[in-house]
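Input: a single structure, listed below in structure tokens.
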Number of protein chains: 2
Amino acid sequence: MLQFDLLATDSSSHARRGQLTLNHGVVQTPIFMPVGTYGTVKGVMPRSLEEMGAQIILGNTFHLWMRPGQDVMSSFGGLHAFEQWHKPILTDSGGFQVWSLGDMRKITEEGVHFASPVNGDKLFMSPEVSMQIQTTLNSDIAMQLDECTPYELKGHITTADEARRSMEMSIRWAKRSQNEFHRLNNPNALFGIVQGGMFEHLRQESLEQLVELDFPGYAVGGVSVGEPKEDMRRIMAHTPHRLPANKPRYLMGVGTPEDLVQGVASGVDMFDCVMPTRNARNGTVFTRYGDLKLRNARHKQDHQPLDTSCTCHACAGTSGVSWDQGGRGGFSRAYLHHLDRCGEMLGPMLTTIHNLHYYLNLMQDVRNALDNNRFAEFRQQFATERARGV
Amino acid sequence: MLQFDLLATDSSSHARRGQLTLNHGVVQTPIFMPVGTYGTVKGVMPRSLEEMGAQIILGNTFHLWMRPGQDVMSSFGGLHAFEQWHKPILTDSGGFQVWSLGDMRKITEEGVHFASPVNGDKLFMSPEVSMQIQTTLNSDIAMQLDECTPYELKGHITTADEARRSMEMSIRWAKRSQNEFHRLNNPNALFGIVQGGMFEHLRQESLEQLVELDFPGYAVGGVSVGEPKEDMRRIMAHTPHRLPANKPRYLMGVGTPEDLVQGVASGVDMFDCVMPTRNARNGTVFTRYGDLKLRNARHKQDHQPLDTSCTCHACAGTSGVSWDQGGRGGFSRAYLHHLDRCGEMLGPMLTTIHNLHYYLNLMQDVRNALDNNRFAEFRQQFATERARGV
């Protein structure tokens, strides 16, 4: 099931405040969804995800198909019991990962033939196969199989003709995905994905054809795929708000904190991105006052937490009181700098908790602003604070 | 400060139940101390250590001297604030790590000259330097600098003459350590370390000379250094119970669950070992019913937790109810097997929590048995259960 209730709209932008009811629970939007590729958000316990207010997480269909595979997932009745996460899950279609295999895959109208990167087995992915796997995963939101149109490939920037051919196949795959999803009596919700590359008229065509198929929700795909930032902003400004107002809108794979706030203003309800988790492991930390490079030697002696305004476990410990409020229970930049230098696991464990908390808390602030009809003010304050420097 | 209260003694063995009061808290003995080399028990948050009942953890003086170094540690007023662990800490002397540098170090009566494995700097370790570093760390229990007599070196088994020369230098270093510790007005407790290799008469001499120096506690070093198991058992049976009854006894670097129970029976109060943490990262799990190799393919589909009787977070989740008691909140062997195959951090995070919980809980069971005057029965049951097979 999927029910979407539009709770409020912003007068200064396309931003909306909504509530999404799914088989495993209710999600307040706009929302950021942490990415849990292999059935785990890297380095984070499910209990920590709950504590930081995660409402819905992602799983990657392709990865979970490779390992542990369909037989194991089936025996657990899906991904929730397997990974011990009992709130909603969204799974991608596997299309992007198959596409990323490059020379190891061959795409046809029927689907994608490829060699398993784990054991070399010859495998076949199609809209039908993707729906079968996602049905086994029992994700609350499944995604249609699409072809993610690249911005450029081997130095060649995708033309409008190429983007159209790709988009039109994704539309045909959307129908096949929908048919198979229904045939399988999957009790969850299937989203269609708007493609069309960097071309507004193709985005418009894709969107209209998908709306005719009447999906319960829609995603915007094929952004944040290597294009210049201005192209991404252009498509973000064009597409989301043209999607049906009464259905949730998901911008795939985006992005920085600034991108998220811009995306909300463009009418997006849902986001996912590996940036907070991946950057955490590389020592890049997001804070209210800008980004922090933990590996910089200036942090060697710094007793402050990553973000003096933050109440996450890394910054405030079990007390939950931020440094700015007098809390001294958190871990210092000096300690986290040390853990990073020594390659200690606790380093990425704590920075990941912080970065995810930052993203989730940012979305909470966005929802509060929308609830109180002060989103325009919020955006201004957000931009000023982030530019201040940490 | 250090106060040791002997609460009970076992009639069937040399086992004792005690209570150790230190500057950062009270420790119930017999106790296992998790190893936190670089200021972190690898992969475990301090809050998890508290939840699993850790009372005292180790830090490695040599590692912390190299990174983050004395300046950082000094600015934090010691290791407790740096790593956010506010209960007792024991630090080793750094002697074992310097010795392990092999050809990169030169040992003389004065101390050890060596090249930093981190940046090649020429450094010098001596009893005085070790005491200075441990004073900066402000560990509740510091260890004297000793020379850990090897069982064998490059195929040559240490002779009684060699073991005597080494042991006698360790005694001289004990005196120098003690003098420097007092000169520094270190408010914590310094332990002497019994050496003497695999020779009972040397162990006896070492012990007697150390007892004359009147340390507040004593360790048995130079076991579990590559010797055959029967030699280790022989020294364990000889030395600990000959140490002063009114002072805590620490067996360094030991060992398996069976070694710990044997050690308690031999009169040992304190243990440390990297085995539960290191083995966890390699997929070897300790359980009530024997050891489990997580990488074995037979766990691929196994829905049971690692240990069906265990209440740790890995086995019982946030419920704290074991599988045997009907709890189904834990992580399955299938899931942990999958995480290990995929190289996901959550795998070692959970197996480490389990293994440490197992060791700490085993010591809790030992203490309960001693409190209830049924240690002999406990040992029998322990051996039977561990032999059952998981």
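A:T29 falls short of the stated requirement of being in the same structural domain as A:P244 (by the TED database), surrounded by fewer than 19 Cβ atoms within 10 Å (Cβ to Cβ) and in contact with a strand residue (DSSP E or B) (Cβ under 7 Å, 6 or more places away or on another chain).
Yes/no per residue for (1) outside the structural domain of B:G226 (by the TED database); (2) touching a Cys at 6+ places or on another chain (Cβ under 6 Å):
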| residue | (1), (2) |
| --- | --- |
| B:H238 | no, no |
| B:P244 | no, no |
| B:K247 | no, no |
| B:L251 | no, no |
| B:G255 | no, yes |
| B:L260 | no, no |
| B:A265 | no, no |
| B:F286 | yes, no |
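For the structure I just gave you, tell me whether A:T318 is touching a residue at least 40 places away in the same chain (Cβ under 8 Å) and within 29 Å of B:H63 (Cα to Cα). So A:T318 does not fit the description; no.
Filtering B:S93, B:S48, B:S75 for residues that are free of Cβ contacts under 8 Å to residues at least 12 places away in the same chain and assigned by the TED database to the domain that holds B:M33 leaves a single hit, B:S75. The set of residues from segment A:172-194 being small (G, A, S) and either within 20 Å of A:R242 (Cβ to Cβ) or assigned to a helix (DSSP H, G or I) (or both) comprises A:A174, A:S177, A:G192. Restricted to segment B:56-72, and to residues there that are surrounded by fewer than 23 Cβ atoms within 10 Å (Cβ to Cβ) and without any contact (Cβ under 8 Å) to a residue 60 or more places away in the chain, the residue that is farthest from A:L339 (Cα to Cα) is B:D71. Among the residues of segment A:364-373, is any more than 23 Å from the chain's Cα centre (by Cα) and either assigned by the TED database to the domain that holds A:A8 or outside any helix (DSSP H, G or I) (or both)? Scanning segment A:364-373 turns up at least one residue that is more than 23 Å from the chain's Cα centre (by Cα) and either assigned by the TED database to the domain that holds A:A8 or outside any helix (DSSP H, G or I) (or both).
Of the strands (runs of 3 or more DSSP E) entirely within segment A:105-171, those holding at least 2 residues that are closer than 22 Å to A:G253 by Cβ occupy A:105-107, A:112-115, A:141-143.
Scanning segment B:184-197 finds no residues that are assigned by the TED database to the domain that holds B:M169, at pLDDT below 95 and either of a type in the set (G, A, S) or under 25 Å from B:Q134 (Cβ atoms) (or both). Screening the candidates A:G39, A:G43, A:G78, A:G59 for the property of being within 9 Å of chain B (Cβ to nearest Cβ) and closer than 23 Å to A:Q144 by Cα yields one hit, A:G39. Scanning segment A:77-93 turns up no residue that is basic (K, R) and touching a Lys or Arg at 6+ places or on another chain (Cβ under 7 Å). Note on segment A:224-248: residues that are out of contact with any strand residue (DSSP E or B) (no Cβ under 6 Å at 6 or more places or on another chain) and either at pLDDT 95 or above or in a helix (DSSP H, G or I) (or both) amount to 17. Residues in segment A:43-62 that are of a type outside the set (A, V, I, L, M, F, W, C) and under 16 Å from the mean Cα position of the chain (by Cα): 5 in all. Regarding segment B:21-30, can at least one residue be identified that is touching a residue at least 12 places away in the same chain (Cβ under 8 Å) and touching a Phe, Trp or Tyr at 6+ places or on another chain (Cβ under 7 Å)? There is no residue in segment B:21-30 that is touching a residue at least 12 places away in the same chain (Cβ under 8 Å) and touching a Phe, Trp or Tyr at 6+ places or on another chain (Cβ under 7 Å). Residue count for segment B:262-276 satisfying the condition of being farther than 20 Å from B:F191 by Cα and surrounded by fewer than 23 Cβ atoms within 10 Å (Cβ to Cβ): 4.
Taken as a whole, the structure places A:L202 among residues that are touching a Lys or Arg at 6+ places or on another chain (Cβ under 7 Å), of a type outside the set (F, W, Y) and outside any loop (DSSP other than H, G, I, E, B).
The values are calculated or read from the model by the stated rules, or taken from the named source; none is laboratory data. Small disclaimer: the values here were computed from a predicted structure and weren't measured. No Cβ is skipped: glycine too gets one built from the backbone with ideal geometry, and neighbour counts run over all protein chains shown.
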